[in-house]
Amino acid sequence: MIVRHDDICCPLCSCKDSTLFFKDKKRTYHRCVSCRLVFVPKRFWIAIEEERATYDLHENDANDRGYRQFLSRLSIPLLERLDKQQSGLDFGCGPGPTLSILLEEEGHSVDLYDPFYFNNSSVFNKKYDFICATEVVEHLHDPNREFTCLFNMLKRGGWLGITTKLVIDEACFRRWHYIRDMTHICFYCHDTFEYLSRRFNAAIDFVASDVILFNKQ
Ligand SMILES: [Zn+2]
């Protein structure tokens with residue numbers, strides 16, 4: 001059933017029409033009828049201190065081979081598309097930046113930004129050849145503002161690389177470990193990324209089930 005909410009609008013496209021997609025013991029999940037984003041209304045968000053404490057538990061380490069392998073699923077297809085010695089940004093890099101190291105090992109320079117660990121707002125005044133956001137977009141409080149900002153920071157012809165797990169259907173969603181993490185509040189599907197592609201005039205390439213590359217036109 002489509003419901004028009006005056007107090008809940010889609011945080012990505014601002015549409016006020018959504019369906020109740022799923023409900024569990026802790027939260028409700030709405031699906032925008034326009035961009036198909038599944039989102040958790042603000043009243044269910046955890047406090048910012050609690051969010052930070054969850055990220056502090058992420059033991060991401062640049063020497064961890066498993067973590068490097070995980071990130072290589074984005075870095076390898078991205079590196080195939082980059083010219084030499086490009087400048088980039090690791091957006092939402094977390095407490096132990098690692099993707100930047102993989103890319104710097106190949107001759108690129110990479111700035112770091114993270115609202116909790118590398119709160120360096122000077123990055124927002126720069127333009128980049130590439131931006132990476134690995135396991136970031138599911139945490140965004142204001143994806144409308146953040147995606148606008150990311151695409152504005154990209155040069156024409158630049159690449160935006162994203163990793164996030166995609167929504168398949170309601171049956172998969174209810175069993176999904178991804179929704180148990182209370183810091184995950186936005187869940188995307190193919191249609192949502194197609195919407196972003198049209199809105200920001202960027203070609204899209206789904207290089208793996210959870211790795212997406214945009215090329216700004
Ligand atoms: Zn929407």
Quiz item: Roughly speaking, what is the centre-to-centre gap between segment 1-44 and segment 164-183 when only Cα atoms are used, to the nearest Å?
Solution: 15
Self-check item: Residues of type lysines that Lys16 reaches as a straight line, Cα spacing below 19 Å, ignoring anything fewer than 8 places off in the same chain
Solution: Lys42
Exercise. List the relative contact order of segment 1-80 as a percent without decimals, with contacts defined as Cα pairs under 8 Å and 6+ residues apart.
Key: 17
Self-check item: Karplus 3J(HN,Hα) series, Hz, for segment 150-161 with 6.51 cos²θ - 1.76 cosθ + 1.60 (x for Gly, Pro)
Solution: 4, 5, 5, 7, 8, 5, 4, x, x, 10, 10, x
Quiz item: Can you give the percent of C-alpha pairs in segment 114-201 whose distance is more than 24 Å?
Solution: 25
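Rank the residues Asp169, Asp111 as a footprinting-exposure proxy: fewest other Cβ atoms within 10 Å of their Cβ go first. Intermediate results must be reported in sequence, preceding the final value.
Details: Asp169 9, Asp111 18.
So the ranking, lowest neighbour count to highest, is Asp169, Asp111.
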Quiz prompt | Proximal lysines to Lys127, defined as alpha-carbon separation beneath 16 angstrom and excluding residues fewer than eight positions away on the same chain | solution = Lys155, Lys216
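For Glu59, Glu194, what's the fewest-to-most ordering of other Cβ within 10 Å of each Cβ? Mind showing how you got there, number by number?
On the way: Glu59 9, Glu194 14.
Exposure proxy ranking, most exposed first: Glu59, Glu194.
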Practice problem: Taking H placed 1.01 Å from N in the peptide plane, check which residues at least 5 places from Leu89 or on another chain put their amide H under 5 Å from its amide H. | Solution: Asp111, Phe130, Ile131, Cys132
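Counting other beta carbons within 10 Å of each Cβ, put Asp181, Asp205 in order, fewest first. All intermediate terms of the calculation are to be shown ahead of the outcome.
Numbers: Asp181 11, Asp205 14.
Ranked by crowding around the Cβ, least crowded first: Asp181, Asp205.
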Quiz item: When only alpha-carbon atoms count, how far does the chain stretch along each of its three principal axes, as whole angstroms with the largest first?
Solution: 51, 37, 32
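For Cys172 and Arg198 in the same chain, what is the full-extension length gain: residue separation times 0.36 nm, less their Cα-Cα distance, in nm?
Residue separation times 0.36 nm, minus the Cα-Cα distance, leaves 6.6 nm.
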Quiz item: In sequence order, what are the phi-derived ³J(HN,Hα) couplings for segment 179-195 according to the Karplus relation 6.51 cos²θ - 1.76 cosθ + 1.60 with θ = phi - 60°, rounded to whole Hz, with x for glycine and proline?
Solution: 7, 6, 7, 5, 7, 8, 10, 10, 10, 10, 10, 3, 4, 5, 5, 5, 4
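We did not get these values from a lab; they are worked out from the coordinates using the rules stated. The structure presented is a predicted model; accordingly, all values stated were derived computationally and were not measured. Note: ideal-geometry Cβ built from the backbone for every residue, glycine included; neighbour counts use all protein chains shown.
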